[in-house]
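Everything below concerns the one structure shown next.
The values are calculated or read from the model by the stated rules, or taken from the named source; none is laboratory data. Only a predicted model underlies this, so the values are computations on that prediction, with no experimental measurement involved. Cβ sites come from the backbone with ideal geometry, for glycine too, and all protein chains shown count toward neighbours.
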Amino acid sequence: MAPSKNTLVADLLEVADILTAQKGRQNLRKAAMRRAVSSAYYAVFHELCYLCADQLGMWSKANDLLEPVYRLLDHGIARSRLVSKDAAAICPEVLQIGTLFKDLQEARHGADYKTSAMPVSQDWALSQIADARRIVELIEGLSPDDRLKLAILLITKTR
């Protein structure tokens, strides 16, 4: 996998890996699996934030505009746009990113908000982390033109 240029992405994925190795009592392990899934989701979200800021030329500039551009992305809007026909029109990989992102976001919502009765396993967490890595890989593998189109799709206002 090509590493993300955003070191936070790799760090969040590493944290997810560390959490899935948690030992101890069952409830502690379940909590660790939930946090691992959440960390994997946020790795992907930060990859998308980085993509948007980078494509606008903000990442390479140490200025006051970087943070507002980096924070432009909204979770719900990202989800809906990534599975839209506009995403599919960019390239098949973007639609694959969207499908995986939607599923990962649903897993993260479950991990973060469902009751303690929610079934949680290490295999489930590892599967979500693998999907997060696949999304990052797909984003990093996009052509420069498709990266720009994706950034525009994610942050522009619709009419």
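Does residue 131 count as within 19 Å of the chain's Cα centre (by Cα), touching a residue at least 24 places away in the same chain (Cβ under 8 Å) and either surrounded by 16 or more Cβ atoms within 10 Å (Cβ to Cβ) or over 19 Å from residue 88 (Cα atoms) (or both)? Don't jump to the end; show me each part of the working.
Working: within 19 Å of the chain's Cα centre (by Cα): yes; touching a residue at least 24 places away in the same chain (Cβ under 8 Å): yes; either surrounded by 16 or more Cβ atoms within 10 Å (Cβ to Cβ) or over 19 Å from residue 88 (Cα atoms) (or both): yes.
It is true that residue 131 is within 19 Å of the chain's Cα centre (by Cα), touching a residue at least 24 places away in the same chain (Cβ under 8 Å) and either surrounded by 16 or more Cβ atoms within 10 Å (Cβ to Cβ) or over 19 Å from residue 88 (Cα atoms) (or both).
Would you confirm whether or not region 28-50 contains a residue that is assigned to a loop (DSSP other than H, G, I, E, B) and loosely packed, with under 14 Cβ neighbours inside 10 Å? Explain how you work it out, then say what you get.
Step one: of region 28-50, the residues assigned to a loop (DSSP other than H, G, I, E, B) are none.
No: region 28-50 contains no residue that is assigned to a loop (DSSP other than H, G, I, E, B) and loosely packed, with under 14 Cβ neighbours inside 10 Å.
Number of residues in region 1-45 that are within 23 Å of residue 55 (Cα to Cα) and among the polar types (S, T, N, Q): the value is 3. Note on region 1-27: residues that are outside any helix (DSSP H, G or I), farther than 20 Å from residue 154 by Cα and either in contact with a helix residue (DSSP H, G or I) (Cβ under 8 Å, 6 or more places away or on another chain) or in contact (Cβ under 8 Å) with a residue 60 or more places away in the chain (or both) total 5.
Residues to consider are 79, 108; find the one that is within 12 Å of the chain's Cα centre (by Cα) and surrounded by 18 or more Cβ atoms within 10 Å (Cβ to Cβ).
On inspection, the qualifying residue turns out to be 108.
Within region 124-134, identify whether any single residue is under 19 Å from residue 29 (Cβ atoms), β-branched (Val, Ile, Thr) and in a helix (DSSP H, G or I), and answer yes or no. Checked region 124-134: at least one residue is under 19 Å from residue 29 (Cβ atoms), β-branched (Val, Ile, Thr) and in a helix (DSSP H, G or I).
For region 83-95, the criterion of being modelled with pLDDT of 90 or more, part of a helix (DSSP H, G or I) and under 29 Å from residue 31 (Cα atoms) is met by no residue.
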